[in-house]
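All remarks here apply to the structure that follows.
Every number in this text was worked out from the coordinates using simple rules, so none of it is lab data. Remember, it's a predicted structure, so these values are computed and weren't measured experimentally. Cβ placement follows ideal geometry from the backbone for every residue including glycine, while neighbour counts extend to all protein chains displayed.
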Amino acid sequence: MILLTLALGIAAPAAAQNEIETVSAGNPAELAIVMMNAGYDVELTEDGIGDPLIKTEVEGLALEVYFYGCDETTNDNCDSLQLSAGFDRDKPWTREEALAISQRLRFASVRLNEDGDPTVSWDIVTGEGIPREVFLQSLTHFSRTVELAAEMVFAESKDD
């Protein structure tokens, strides 16, 4: 019995050290803090329907974190988020040009607004929580995707 107690006493601290820190769309303030600690300037606010919204920027480009699956009445307990960056072009883009981003950049979802300006996004389902490092890795990859997409979106203006 004493050996079992000792074994459990040793295993508990080891298990605690191996616990993975998680983040969730259900806790927007924590996500904002994680992003700040990673070097992003963030503003935690609300979107047009009252759901949480995090605003930041990457290389001078606006990036927004939208929250989805939120309670329709209280706008909390969200279960997923979407990283999104829109580009404002002088000339409208075609569907084929927008599709080129999705073909070149893994995970990027692209849509055109009514003015032909592309928006690049990707969704992350967090449920009850995903490892903090996985979220940060996704954010880093998305930031790089936004930079590469910007090169494609504004390539013709660099040629002028």
For a quick check: with amide H placed at 1.01 Å from N, whose amide H comes under 5 Å from ASP47's, ignoring anything fewer than 5 positions away on the same chain? LEU53
Nearest 10 degrees, 0 to 90: what angle lies between the long axis of helix 95-104 and the longest principal axis of the chain (Cα atoms)? 40
Among ARG132, ARG111, which comes first, second and so on when ranked by fewest other beta-carbon atoms within 10 Å? ARG111, ARG132
Taking other Cβ within 10 Å of each residue's Cβ, how do GLU133, GLU128, GLU114 sort, fewest first? GLU114, GLU128, GLU133
From the C-alpha coordinates alone, can you work out the Kirkwood hydrodynamic radius of the chain, in Å? 17.7
